[in-house]
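Scroll down for the structure; my scribbles are underneath it.
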Amino acid sequence: MFRRRNGKNSDMPPAETPTRKAVIEIAGVTKTYKMGDIEVNALRGIELTIYEGEFVSIMGPSGSGKSTLMNILGALDQPTDGTFKLDGVDVSRLSEAELARVRNKKIGFVFQNFNLLKRTTALRQVELPLIYAGVGGRSKRAKAALTSVGLGNRLDHLPSELSGGQQQRVAIARALVNEPAMILADEPTGNLDSRSGTEVLQIFQRLNREQGITIVFVTHDSWIARHTGRVVMLRDGIVVADKPIPQPLVAGDDERPSMEDEMESILQTVYYGGDAKEYN
Ligand code: ADP
Ligand code: MG
């Protein structure tokens, strides 16, 4: 059973009822890259619906299409075929300019390498998306976003004056400040030590639970995936498993088990085929 993660709406019906609002609706999505005479079928027919307030992790072996799918979800790239609706809007056929507008308004991105500007204070980094969007009350909104990730006392710090975990929290505040329909994160804990990774996970869990923000992230780490509400497993450009995590772990509450135990456990939870070795 899917566990509803938005505390404010805990009396709402569970995931499978049609009353929940879909943030992402993907049907028959394919992506073929052409390299000279060679065609690579990176996605071969993805069906995926993600509802408002879900926290989803995307896993799968290297080359299975995770980045390609994330680029499409983020309106950074278009599918070759199929449809993609974001927040009810069919974005699969939008122009470049329209795509840019959708990205700016509806999606917050968090990257593995933080992607912060070197000589720019935390406050200014978070104000930038508001400047691009031409929104007022920037300083106040940026401060609120930084405070919500526990950095209210680091407004004037440069990235070099912050730890990796703090830098990633600045990036999360920057992703949040435009009030996007969803946050997309590409291995957001991939470059962090486990303590900072836990901090970042705690923030994602809190944003998801308390503010109902939809979060989709790619991770290679099954332990991280078990902190989310649902795991989508890709293989060879298709979804081979898509399962709720019955009782997501609470970040910081449990100690990480041995790699082997963890791998076995996630495979038992979400995956019903293939070889565990593929997922290392
Ligand atoms: P993952 O993120 O799961 O490792 P990708 O989405 O990056 O997988 O890649 C899926 C497949 O598409 C791979 O075979 C990869 O080589 C190919 N691919 C990805 N991007 C491109 C590109 N820009 N041009 C050609 N082939 C690509
Ligand atoms: Mg990738």
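Each value in this text was obtained by applying a stated rule to the coordinates, not by laboratory testing. Everything numeric here is computed off the predicted structure, so don't read it as measured data. Glycine also receives a Cβ, built like all others from the backbone with ideal geometry; neighbour counts cover every protein chain displayed.
Residue separation of ASN115 and ALA133 scaled by 0.36 nm, minus their Cα-Cα distance, works out to 4.6 nm of gained length. The tail of the calculated P(r) for the chain, taken as Cα-Cα distances beyond 25 Å, holds 47 percent of the pairs.
Give me the extension gain from HIS220 to ASP37: residue separation times 0.36 nm, minus the current Cα-Cα distance, reported in nm with one decimal.
62.7 nm
In the frame of its principal axes, segment 58-204 has Cα extents of 47, 39, 24 Å, reported largest first. Note on ILE215, ILE38: ascending count of other Cβ atoms within 10 Å places them as ILE38, ILE215, the fewest first. By its C-alpha gyration tensor, with a ≥ b ≥ c as the square roots of the eigenvalues, how is segment 136-254 shaped: rounded for a/c under 1.5, else prolate for a/b larger than b/c, else oblate? Prolate. Here the label points at LEU99 and HIS157, each 7 Å from Cα along the C-beta direction, are separated by 3.6 nm in the simple model.
Within segment 46-73, name every residue whose backbone N is under 15 Å away from a label modeled 7 Å from Cα of VAL89 along the Cβ vector. Answer for this model: 73. For the chain, give the share of DSSP beta bridges that are antiparallel, in percent and rounded to the nearest 5; count only bridges with both residues there. Expressed as a percentage, antiparallel bridges in the chain total about 60.
The lysine pair count for the chain, using Cα distances under 21 Å and pairs eight or more places apart or on different chains, is 20.
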